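The values are calculated or read from the model by the stated rules, or taken from the named source; none is laboratory data. Here the structure is a predicted model, which means the values were calculated and not measured. Glycine also receives a Cβ, built like all others from the backbone with ideal geometry; neighbour counts cover every protein chain displayed.
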């Protein structure tokens with residue numbers, strides 16, 4: 001699929017439906033396995049599970065059936081799911097049961113170490129699932145990536161030019177390892193602390209470039225990206241028929257040579273030219289076969305991405321793509337390493353939340369759903385679902401009351417001091433945690449809604 005660059009299009013309703021379908025399916029899978037983690041751990045210690053629900057069921061359930069001691073059900077609100085464990089203070093805030101004498105099958109009657117395992121069950125299963133998916137994806141599909149082989153080299157954003165990078169450079173090494181794909185640059189610089197690079201300039205001279213320690217915050221504050229990317233000729237790739245470029249007559253294979261009177265040879269130069277021309281009508285000259293054609297276009301502006309757009313895509317066929325295949329045995333090592341990197345990168349990026357731009361970038365369900373493409377691809381679906389599984393595991397481990405991590409924290413305190421924390425304290429902590437989570441959810445999804453109106 002061609003990379004959509006300087007592209008603005010109308011809503012693709014079928015694409016939106018496909019994105020939503022993938023997201024809901026992923027949620028259903030991940031919620032089910034997370035709650036099964038709690039369920040299986042509880043049953044292993046002979047703890048009664050009163051309810052097991054996929055999605056929430058305020059007021060009514062879409063489906064429910066009692067099997068043994070457990071009511072299995074499907075709720076109508078696809079924002080999560082839950083298991084209700086007997087004798088436990090949870091999000092249901094059902095404290096009536098706790099006023100009775102503890103029963104042997106109740107959560108509160110079990111030793112602290114067993115309760116700890118029950119609370120960690122969902123997190124553990126999410127982690128296992130994520131690693132397993134990466135292993136199976138590597139085995140079934142291999143790993144496809146754009147190599148660094150590109151005769152045009154890279155283009156460098158102004159921030160990185162300040163430290164010695166130049167347009168046309170070839171980046172040979174990141175740290176002490178050969179760089180095989182430029183897609184490693186952003187996570188390497190933002191999340192993994194990579195600061196040393198071996199670069200070959202256009203004149204053939206090799207230079208070691210060392211970035212400052214705070215380059216991650218500088219890049220995030222500027223636009224949230226590391227602008228060291230493939231430099232590709234200004235040739236148009238596939239375009240959605242709803243984009244402005246397609247509507248004015250531009251076609252795949254056209255080579256843009258002039259924008260608003262300025263000569264261009266590479267795609268990134270187009271964005272530089274139109275950056276200050278938002279809302280204006282401009283002439284775009286393109287070569288098709290042996291003919292030079294002129295197209296009159298309006299420069300639009302995406303407020304959310306803070307970038308000017310023309311409604312065209314770039315042709316990335318100039319960049320070599322490579323697929324590495326793995327045996328089942330080799331996929332275990334590759335999946336494990338990749339999973340560790342994903343976890344590390346996600347944990348590392350949380351440092352940006354406490355910046356102004358980070359808080360503004362915090363997204364909810366729409367942001368998460370949009371990591372899925374608008375066409376169905378099973379390889380992408382499973383890798384993105386594994387990523388969300390890691391997110392769920394990590395977020396649930398945070399020591400916030402109402403999350404699994406909050407329960408884990410209180411259980412660890414109980415183990416250390418040798419006695420349970422007061423029930424009233426746990427009830428109030430649970431209420432505070434619920435309000436915190438609701439506030440965070442409203443804020444994150446509010447950012448999503450605001451972002452929709454900024455497009």
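If you go through the stretch 32-42 and pick out every residue that is surrounded by fewer than 23 Cβ atoms within 10 Å (Cβ to Cβ) and more than 12 Å from residue 117 (Cβ to Cβ), you end up with 5. In the stretch 228-244, the qualifying residues are those that are surrounded by 21 or more Cβ atoms within 10 Å (Cβ to Cβ) and under 21 Å from residue 16 (Cβ atoms), and the one that is farthest from the chain's Cα centre (by Cα) is 244. The residues of the stretch 169-194 that are part of a strand (DSSP E or B) and in contact with a strand residue (DSSP E or B) (Cβ under 8 Å, 6 or more places away or on another chain), listed by number, are 170, 171, 172, 173, 174, 178.
For residue 103, the conditions (1) crowded, with 18+ Cβ neighbours inside 10 Å; (2) touching a helix residue (DSSP H, G or I) at 6+ places or on another chain (Cβ under 8 Å) are fulfilled apart from (1). Within the stretch 402-417, does at least one residue satisfy the condition of being in contact with a helix residue (DSSP H, G or I) (Cβ under 7 Å, 6 or more places away or on another chain) and surrounded by fewer than 18 Cβ atoms within 10 Å (Cβ to Cβ)? Yes: the stretch 402-417 contains one or more residues that are in contact with a helix residue (DSSP H, G or I) (Cβ under 7 Å, 6 or more places away or on another chain) and surrounded by fewer than 18 Cβ atoms within 10 Å (Cβ to Cβ). In the stretch 288-326, the residue that is modelled with the highest pLDDT out of those that are at positive phi and exposed (fewer than 15 other Cβ atoms within 10 Å of the Cβ) is 289.
Could you list, in sequence order, the residues of the stretch 153-180 that are closer than 22 Å to residue 340 by Cα and crowded, with 18+ Cβ neighbours inside 10 Å? Quick ask: steps written out before the conclusion?
Taking the stretch 153-180 as the starting set, the residues that turn out to be closer than 22 Å to residue 340 by Cα are 173-180.
Within the stretch 153-180, 174, 179 qualify.
Restricting to the stretch 341-376, count the residues that are outside any helix (DSSP H, G or I) and in contact (Cβ under 8 Å) with a residue 60 or more places away in the chain. Selection size over the stretch 341-376: 10. Residues in the stretch 156-168 that are in a loop (DSSP other than H, G, I, E, B) and closer than 22 Å to residue 213 by Cβ were compared, and the one that is nearest to the chain's Cα centre (by Cα) is 157.
A count restricted to the stretch 395-438 and to residues that are farther than 23 Å from residue 108 by Cβ, at pLDDT 80 or above and outside any loop (DSSP other than H, G, I, E, B) stands at 3. The strands (runs of 3 or more DSSP E) falling completely within the stretch 195-294 that include 1 or more residues that are under 30 Å from residue 348 (Cα atoms) map to 196-200, 206-210, 228-230.
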